[in-house]
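The values are calculated or read from the model by the stated rules, or taken from the named source; none is laboratory data. This structure is a prediction, so every number in the text was calculated from the model and none was measured. We place every Cβ from the backbone using ideal geometry, glycine too, and count neighbours over all the protein chains shown.
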Amino acid sequence: MPETWILNVDDYAPGRYARTKVLKQVGFPVVEASTGKEALDLIESRRPALVLLDVNLPDMSGIEVCRRVRDNPQTSTTTIVHISASNVLTQHQVLGLDSGADGYIVEPVDPAVLIATVNAFLRARRAEDALLKSTEELRWFSYRVAHDLREPLRTISIYAELLSQEPGSREAKSAEYLDLVKHASGRMSSFIDGLLQYSQATEVRNEIANCECEPMVSRVIANLDASIRESGAHVTWDPLPAISADIRLEYVFQNLISNAIKYRREGVPPEIHISVRPCEGEWMFSVRDNGIGIEPAYLDSVFEIFRRLHGQNVPGSGIGLALSRKIVEAHGGRIWIESKPGAGSTFFFTIPMKAALSAGG
Ligand code: ADP
């Protein structure tokens, strides 16, 4: 998060000091400049959140400064508010705004109005930044969805084509080809399920209710019965409390336990233990395993959507931990991991004792 500081550009020192003083009094860091050149250098090198820009500067007009800022792709989105003396003509204000300024303040301006104006522009800036960020995320998301669906789809079409073209060898190969087709469509289907769950976790607001963790974990264990048996996993847990949560919490347990089984060490049956303890107004849960572990460099990034560390041979879509984080954060909690490669991992997450779903959660 870049620092929110304001560049105050004016060659008339008393006016500049007075403005800086007002803004500093309410806690804004302010840097001053008295020429257009100085302002351009600071905007390019230090990226202010907002520029208060005098229209009449000794070396170039504020309108020219504004034009250059807009023309430079590195600085083009900088918020600029022109400041000018009271005798300014309407057409000059219009010219300032038409040349790319976001707003226009005519001196003398009441300190309260100056602060409210700055705050309003900073709010608009934050909203625009959030929009840009989510557009970028959406672009990345669509790219990955298209990419991850195309690969199994290609497998399906290649083997379907072979099945239709090789009637002679059909007997011998068809079972193998059909198996590959089934496997690839299964991958697509679980990927699509993951995407749907992810988007529902963002859009659907479930009710916070009294949530008994003990039967919740028992249900998860029953759901995972086949993989528990197949891997020889041994799952234990401490007595678990009833907490305030919504039912999506079951997904978090399901994901952490099924990952603990999936990412086991070759030839080592998974030993999984679930604990909980009260900690400063929150319940702190942990799910510990003795699996392959995670390199320190990836401890944060495993919670990013589509992030997979362990290759194609373990089924998965890289959605589970991102979804778990969304659910935990919607309750006002946090999720993190401690891990030793080759020795196992412990996932921790907290749920406030008085959980309330945040907006969008
Ligand atoms: P998926 O399991 O579908 O790939 P997740 O979002 O659940 O997606 O996990 C992301 C990645 O984090 C996994 O691909 C795996 O590399 C790693 N990971 C998750 N849980 C564990 C674990 N218990 N032990 C080791 N690695 C894990």
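Against the test of being touching a helix residue (DSSP H, G or I) at 6+ places or on another chain (Cβ under 8 Å), hydroxyl-bearing (Ser, Thr, Tyr) and not assigned by TED's automatic domain parsing to the domain that holds VAL314, the options SER157, SER164, SER134, SER174 yield a single qualifying residue, SER174. Being in contact with a helix residue (DSSP H, G or I) (Cβ under 8 Å, 6 or more places away or on another chain), outside the structural domain of LEU149 (by TED's automatic domain parsing), in a strand (DSSP E or B) and of a type in the set (A, V, I, L, M) is a condition met by at least one residue of the range 281-296.
For the range 315-335, which residues satisfy the criterion of being on the phi < 0 side of the Ramachandran plot and within 7 Å of the ligand (Cβ to nearest atom)?
Residues satisfying the conditions are SER317, ILE319, GLY320, LEU321, ALA322.
Inspect the range 26-41 for any residue being in contact with a helix residue (DSSP H, G or I) (Cβ under 9 Å, 6 or more places away or on another chain), of a type in the set (S, T, N, Q) and surrounded by 15 or more Cβ atoms within 10 Å (Cβ to Cβ) and give the result as yes or no. Yes, there is a match, as at least one residue in the range 26-41 is in contact with a helix residue (DSSP H, G or I) (Cβ under 9 Å, 6 or more places away or on another chain), of a type in the set (S, T, N, Q) and surrounded by 15 or more Cβ atoms within 10 Å (Cβ to Cβ). Among the candidates GLU338, GLU304, GLU282, the residue that is near the ligand (Cβ under 9 Å from one of its atoms) and at pLDDT 90 or above is uniquely GLU304. Regarding the range 238-252, can at least one residue be identified that is at pLDDT 85 or above and in contact with a His (Cβ under 7 Å, 6 or more places away or on another chain)? Yes, some residue in the range 238-252 is at pLDDT 85 or above and in contact with a His (Cβ under 7 Å, 6 or more places away or on another chain). Screening the range 42-64 for residues that are under 14 Å from THR4 (Cα atoms) and buried (at least 20 other Cβ atoms within 10 Å of the Cβ) and picking the one that is nearest to the chain's Cα centre (by Cα) gives ALA49.
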